[in-house]
Each structure stands twice: as C-alpha cells, then as structure tokens.
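Comments concern the structure below.
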Amino acid sequence: MRSMTTAILVAVLALAGCKKSDSRAGGGGSVSPSSGGTAEPAPAAPAGPVALGDLGLKAMLPAGAEVKAGIGGSGVMVMGVGGAVMTVDVASDLTPATIEAAQKDNEMYSPQNVKTETLADGWAITFDNSGGMGTNYWVQVRREIGSKAYRCETTASTAEQQAAVLVACKTLQP
C-alpha cells in the first residue's frame, strides 16, 4: 500500500513539476535575452511565516507559494517552493520514525548521494535516483513539533528545488 501511495504521489508531483511556470506561483522563471532564451529561475524572496492549512503549523515560504489541500484531504501541498511541490502532513504509523528506518525504506529507490542530518527535533534525508523520466531529487524530513510528529517531503526534478524544499521543511514552526 505504501508503494502504491508513493507511486501516485510521485506521478502527481511529476505532472505538477512539468506544468509551465507561472511567476505568480512563486516558482516563476524569466527568460534572459542575453542567455539565448534559456529559462532561469527567478529568485524568490521569503514571504514570511505562512499558515499551513489546518495543521497548526507555519513555514517560511517564497512569495507567491500556494498552500492547497493535500491528496486525499490529508495535510497540505505547497506549490511554488523553488518551483517544486512540497507536502506536509501529520506522520502516520507508516512514516519512518528514524533515519535508519527511512533509509531502509528508501533502498527500493536505489538512492545515490544520500545526505542525512539530525535536527534538534527530528531528522532530514536527501538523495537522488534515476528513473524512467530522468533524475529525481528527494527530500524527507520528520519533525516532532509540540506533541505531534510531522513529515515534510518532495520528489523534485532539480537539485535547486530539492534544496529549496529542504530549507522550507526545516522552517516548520507552531
């Protein structure tokens, strides 16, 4: 069941990531005449702490980032974090509680460039892998905030998106 849920989430995120950028969504880009017409991501200034739906949390998000209901009504999806889609929800019994458990679960993705970080209230893992649609850049963060455990994740299409989501996940606060 976890594999099916992960596959559906990856597909949704991949489709969202393929959508043409809209500068109003916070992850917009600009085309520089001097660059020969190649798109360059526009830097997004933090908008400040933004409420994350009914989770009782806030996060530092780029201006224009949009918070939407999560898949199946669980948690939230944040569109426009460095051009990526980030999900935040309450950790379930299926969410790994430790870095070691998460790394064990991630073995099915043949992760490369794995980086782990112990946070004051949890942990973070980033890695990449190659799939049928190219390289995927993963972020998995678990935080204990108040009396609840939360997970904050993405599967992004660039290392820059991965870095932006990791920063945003680390800013979760009550």
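Taking the range 99-118 as the range and being surrounded by 13 or more Cβ atoms within 10 Å (Cβ to Cβ), among the acidic types (Asp, Glu) and farther than 16 Å from CYS169 by Cα as the test, only ASP105 passes.
Taking the condition of being basic (Lys, Arg) and without any contact (Cβ under 8 Å) to a residue 40 or more places away in the chain, how many residues in the range 133-174 meet it? Number satisfying all stated conditions: 1. When ALA102 is tested against (1) out of contact with any Pro (no Cβ under 9 Å at 6 or more places or on another chain); (2) in a helix (DSSP H, G or I), exactly one condition is not met: (1).
Among the residues of the range 160-174, those that are farther than 18 Å from ASP89 by Cα and either touching a His at 6+ places or on another chain (Cβ under 9 Å) or surrounded by fewer than 21 Cβ atoms within 10 Å (Cβ to Cβ) (or both) comprise GLU160, ALA163. Within the range 87-98, the residues that satisfy the criterion of being crowded, with 17+ Cβ neighbours inside 10 Å and either touching a helix residue (DSSP H, G or I) at 6+ places or on another chain (Cβ under 8 Å) or farther than 14 Å from VAL139 by Cα (or both) are THR87, VAL88, ASP89, ALA91, PRO96.
Any residue at all in the range 119-136 that is in contact with a Phe, Trp or Tyr (Cβ under 7 Å, 6 or more places away or on another chain), closer than 18 Å to LEU172 by Cα and in a strand (DSSP E or B)? Looking for residues that are in contact with a Phe, Trp or Tyr (Cβ under 7 Å, 6 or more places away or on another chain), closer than 18 Å to LEU172 by Cα and in a strand (DSSP E or B), one finds at least one in the range 119-136, hence yes. Selection over the range 137-159 of residues that are over 13 Å from VAL88 (Cβ atoms) and assigned to a strand (DSSP E or B) gives a count of 5.
Quick grid of which residues meet (1) over 16 Å from the mean Cα position of the chain (by Cα); (2) modelled with pLDDT of 95 or more:
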position: ALA11; (1), (2): no, no
position: GLU40; (1), (2): yes, no
position: LYS58; (1), (2): no, yes
position: ILE71; (1), (2): no, no
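Between SER130, SER110, SER157, SER147, the distinction of being under 16 Å from the mean Cα position of the chain (by Cα) and small (Gly, Ala, Ser) belongs to SER157 only.
The values are calculated or read from the model by the stated rules, or taken from the named source; none is laboratory data. Please read all numbers here as calculations on a predicted model, not as lab measurements. Neighbour counts run over all protein chains shown; Cβ positions are idealised from the backbone, glycine included.
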